[in-house]
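No lab work stands behind these numbers, since they all come straight from the coordinates. Keep in mind that this is a model prediction, so the values were computed, not measured. Because the Cβ atoms are built from the backbone with ideal geometry, glycine has one as well, and the counts that use them run over all protein chains shown.
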Amino acid sequence: MPALITHQLSSQLDTGEWLFHNLNFTLPNGITGLVGRNGVGKSVFLSLLLGKLSPTQGSVTCQGQIAYYSQLPSELLDGNTRISDYLGVTDKLLALRAIEQGSCKQECFDVIGDDWDIEIRLQQVLKTLRITSELNTYCHTLSGGQLALLQLYKLFESNAEILLLDEPSNHLDSVGKRWLINRLQQFEGQILLVSHDRSLLKHVDAIYQLTGLGLTFFSGNYDVYQEQVTTQSAALDRKIVQLKAEQKKIERQTQANKEKAQQREAQGNRLRKSGSQPKILMDAMKDKAGRSQSAQVTNQQNQVDRNQDKLHSLGVHKEALKPQALYLQQAAQVKKRKLLDVQNCQLHYGLGSLFSFSLSQTDRCYLDGANGCGKSTLLKAIQQQHSSYFGVIKRYTNTVYLDQNFGLLKCDDSMLDSLMHHCRGLIESDARILLAGIGFRRDSVYRKVAELSGGEKMKLSMLMVSHVDDAPLLLLDEPDNHLDIDSKQMLATALKAFKGGFILVSHDKDFVRDVGVNMQVTIG
C-alpha cells in the first residue's frame, strides 16, 4: 500500500529563519488539499516530499511511485519538445511512417509492437483535451491551459500511486476544470492537491493547512474547512477578550490589595506610636502581614505572567490569520474617456468569429473564452507585442500588461527596487507602506525577486502595474493565478474599488464575480 509520511520535518532558510519546524504529516487515501498563504512554504514542502530538497531536520518516508505536476514545466517550454516527444511516442510514429512508405525493417515492427492504432488513439486524446494541434506540434506553441491538460493527462496515464499536484487548475477554463475533477475522482491512489481554487477544493476529502505555526488537519472539503476555520477564529477572539478581561481583573485586585496593605501598615504604625500594644506583638503581626502580602503578590504576578504567555501565543495565532491589504492607486479624477477600440477582429485567420468592443476609463472588462482561443494573444496585440491578427485595434492611452510569467520582474532586483524603478513617482516611504500591506515589512523589502513565491511575485506585480503614472489601461492576464485564497479575495476587493479601466482574464468564476466587472467580451 502506498504511503507518504513525514516525521519532525523542518526547513531553515539561509538567513537562519525557520520556514517551518517539526511537521508531522501522513497523506490519507483519496484527495487531500494543501492550503496556505503565499510564501509560507508549500512549494518547499512539496520539494522535500519529492526528495528534490534535503530537510534541515526530520525525515520523509515514501512507499510507492510518485508523479508530480509542476506549474512551470521547463521541458515543455524549451522550444525543442514536440507533443509526441512529451508523450513518448515519436519513435512509434516514425516507425509507422517508415512502414507506410514501404519499409520492411524488423526494428520498425519491434518499435510499434501492438500499438498500430497509437496515432488514432492519441489524436482522439488531443481532441478530448481540446488541443487542435497535430502530434508533431512544438509544445511551447500551446496555450497555458493546453499545456496543463497535456501534463495532467500524462500523469493520470502513468503508473503512479501517489500524485502531488501543484496548482493544477491554473490556466484551465471551466471545461478543463470539469475534466480535471473527473480524473481526480477516478484516480485510485493518493493525491496531495496544492490549490487555491475554491471550486476544486470542494471535491477534496480532507485539507491540511500550512501556516508559520505548522500543519493543521481538517476532515472534509473546502466548505467544511471554511466553517471550521471561521469557528476557530471566533473562538480565538473570544479567548483573547477573556484573557484581557482577566488581566484587568487581576490588576484591579492587585491595586486593591496594595491599598489595603498600605491601610493596615498605617494602622499598625499608629498603634505602635500609641504604645497600646506590646512591641513584640506588633513586630510579629507586621512580619506575618509582610509574608502574606509577599505570597499574594507572587501568586498574582505568576498568574499575570501565565496570562501574558497565553496572550502572546494567541496573538501569534491571530497574526498568522491577519488579512493583508493590497492598495491600488486611484486616479485623482476619473473621466469617462475612450481608452480602446477593437473592430472586426480575428486572432487566427479563418478561425473563430469576428468580435468588436470599445472600452472607456470606467469599464472593467472580463475577457472570456476557452483555452487556446487567443485571450493572451489579444492582450499582447493591444499591448502592441503581437501583430498576427486581423482587424483594427486602436489605443487612446498607455497600457500596462501583467502577464502570467511575471515579465515585469527581474530576478536579481529587490522588491523595493522593483517597485520604485517601475513607478518613478513613488517615494521610498510610500513604497514601504505598499509592501507592508502585502506582508513585507522592515528589511524583508530587500528580498530578491528570485526568492519570492509565485503568489508573492503576482502581488508585487499588481502594485507595480497599478502605481505607474497617467492611469493606464491595465491588461491583467490571469492575475489571480498563484494567489492564495485570502490574497485572491484581497485582490478582488482592490480591483472592485479601482477607478481605472482594465481587461481581466481569469478562469476563476468566483474571483470574476467578486471583482464586479461591468462588461464581458467572449472570443473564440
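With θ set to phi - 60°, apply the Karplus curve 6.51 cos²θ - 1.76 cosθ + 1.60 along region 156-171 and write out the HN-Hα couplings as whole Hz, x wherever there is a Gly or Pro.
Karplus values, whole Hz, x for Gly and Pro: 5, 8, 7, 8, 5, 9, 10, 10, 10, 10, 9, 6, x, 8, 4, 6.
Just rank THR397, THR132, THR61, fewest to most, by other beta-carbon atoms within 10 angstrom.
Ordered from fewest to most neighbouring Cβ atoms within 10 Å, THR397, THR132, THR61 come out as THR61, THR132, THR397.
What would the Debye equation give as log₁₀ I(q)/I(0) for region 338-522 at q = 0.11, 0.15 Å⁻¹, counting only Cα atoms as equal point scatterers?
Rounded to two decimals, the profile gives -0.49, -0.89.
Taking Cα centroids, how far is region 77-148 from region 352-390 in Å?
Using only Cα atoms to place each centre, the spacing works out to 32 Å.
In which sequence would ASP341, ASP443 go, from the one with the fewest C-beta neighbours within 10 Å to the one with the most?
Ordered from fewest to most neighbouring Cβ atoms within 10 Å, ASP341, ASP443 come out as ASP443, ASP341.
Sum up the charges of everything whose Cβ sits under 14 Å from the Cβ of ASP91, counting Lys and Arg as +1 and Asp and Glu as -1, but leave ASP91 out.
Computed value for this residue: -1.
Roughly how large, in nm² to one decimal, is the mean projection of the convex hull of the alpha-carbon atoms in region 76-149?
Quarter of the Cα hull surface area: 5.1 nm².
Given R₀ = 60 Å, FRET efficiency for SER158-HIS421 by Cβ-Cβ distance, to 0.05?
Between SER158 and HIS421 the formula returns 0.85.
Hey, if you put +1 on the Cβ of every Lys and Arg and -1 on every Asp and Glu Cβ in region 75-125, which of CYS108, ALA98, LEU76 ends up farthest toward the positive end of that dipole?
So the residue we want is ALA98.
If you stretched the chain out fully between GLU246 and ASN344, how much longer would it get, using 0.36 nm times the residue separation minus the C-alpha to C-alpha distance?
28.2 nm
Please list, in order along region 36-42, the HN-Hα scalar couplings obtained from phi with the Karplus expression 6.51 cos²θ - 1.76 cosθ + 1.60 (θ = phi - 60°), rounded to whole Hz, x for Gly and Pro.
Whole-Hz 3J(HN,Hα) from phi for region 36-42: x, 5, 4, x, 6, x, 5.
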